[in-house]
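**Student:** Take this structure first; my questions come after.
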Amino acid sequence: MTAPDDLPRLLALLDTLPPLAVAVSGGVDSMTLATLVHRHAATPPLIIHAVSPAVPGQARGLITAHATAEGWNLHLLNAGEQDDPRYRANPFDRCYFCKANLYGAIAAVTERTIASGTNLDDLGEHRPGLNAAREHGVVHPFVTAGIGKPGIRALARHLGLTAFAELPAQPCLASRVETGIAIDPRDLAFIDRTEGEVRRLLGAHQTVRVRLRRDGVHLELRPAPAPDAMADLTALMETACHAEGRTFAGLGAYRVGSGFVRSAAE
């Protein structure tokens, strides 16, 4: 397979960086970066994964399996965001407090420069966590090299990361909870479990978001499900919600960041 055009530029950039601690979430961005740094860098990286109720269970399994296969120096830690009342209050900038806790926890176990899988496309989205990254001196090699999501997927395919290259984005489970609704581990567990059930019905490459809003539980999908799957999806969601005393409020198209609500003052 021909190497992507981005690869030489990215490798040249990595050669200029000090030994890294790469934060991995289980998505294609951070996993591709960690794999590339591990295979290329003169000093093997420290790979950091935060164990949290907000991390999808699927991501944890993929990370540990890949770390074993690649021989990573994987360090699991509790970033402590669930103990931060500012994070649990779920303000519009909740992501800032999440990342501030994460990078602070990483800095407590290593003096290495922290690297993230943030890419060029992320800069156009609502990302308060980038402010926390700036405060902790985090480097973003994909951004510096001018690489967006399509380029990362091409790199992942080149590296043989078939388990990650085509998977839909899988941000933290707290992103499914509407701004202002307090973050509760029981809600995050419900979201993770229910999204898993939907993927088992529709397939692993379906983009699935179970959103918790003030009027109930919403299911967002991309692409739209086939008409003959609608009855099964509705039954699945109504059963899952009824079992926990929740209200299923309906199914719609996936929208990036639809759980965020900006107040008039923001």
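**Student:** Using per-residue counts of other Cβ atoms within 10 Å, averaged over each peptide, order 131-139, 11-19 from highest down.
**Tutor:** Working: 131-139: 16.1, 11-19: 13.6.
Sorting 131-139, 11-19 by mean packing, highest first, produces 131-139, 11-19.
**Student:** Moving to a separate point now. Applying the Karplus parametrisation 6.51 cos²θ - 1.76 cosθ + 1.60 with θ = phi - 60° to the phi angles of segment 208-219, what ³J(HN,Hα) value in whole Hz is obtained for each residue in order, glycine and proline being reported as x?
**Tutor:** Running phi through 6.51 cos²θ - 1.76 cosθ + 1.60 with θ = phi - 60° gives 10, 9, 9, 9, 9, 10, 5, 8, x, 9, 10, 10 Hz.
**Student:** How long is the gain from Glu111 to His126 if the chain were fully straight, where each residue apart is worth 0.36 nm and the alpha carbon distance is subtracted?
**Tutor:** Working: separation 15, 0.36 × 15 = 5.40 nm, distance 2.87 nm.
Gain on stretching Glu111 to His126: 2.5 nm.
**Student:** About the Cα centre, and with charges only on the beta carbon of Lys, Arg (+1) and Asp, Glu (-1), how big is the dipole of the chain? Nearest 20 debye, please. Write down the numbers at each step before the final one.
**Tutor:** Details: 26 positive and 28 negative charges, 13 e Å.
Dipole about the Cα centre, nearest 20: 60 debye.
**Student:** Moving on. Just one of (1) 32, 22, 16; (2) 39, 19, 16; (3) 35, 26, 14 is semi-axes √(5λ) of the Cα gyration tensor in Å as worked out from the coordinates here. Which one is it?
**Tutor:** For semi-axes √(5λ) of the Cα gyration tensor in Å, the calculated option is (1).
**Student:** Show the residues, 5+ positions off or on another chain, whose built amide H is closer than 5 Å to the amide H of Val22.
**Tutor:** Leu46, Ile47, Ile48, Ala115
**Student:** At 0.36 nm per residue, minus the direct Cα-Cα distance, what do His75 and Ala3 gain on full extension? Give it in nm, one decimal, please.
**Tutor:** Values: separation 72, 0.36 × 72 = 25.92 nm, distance 3.00 nm.
Answer, rounded to one decimal: 22.9 nm.
**Student:** Here is a follow-up. Once both labels are modelled 7 Å past Cα along the beta-carbon direction, what's the Glu238-Ala163 spacing in nm?
**Tutor:** About 3.8 nm separates the two model spin labels.
Quick note: the coordinates plus some simple rules give every number you see, no bench work behind them. As the structure is a computational prediction, the values presented were derived from the model and not from experiment. Positions of Cβ are backbone-derived with ideal geometry, glycine not excepted, and every protein chain shown enters the neighbour counts.
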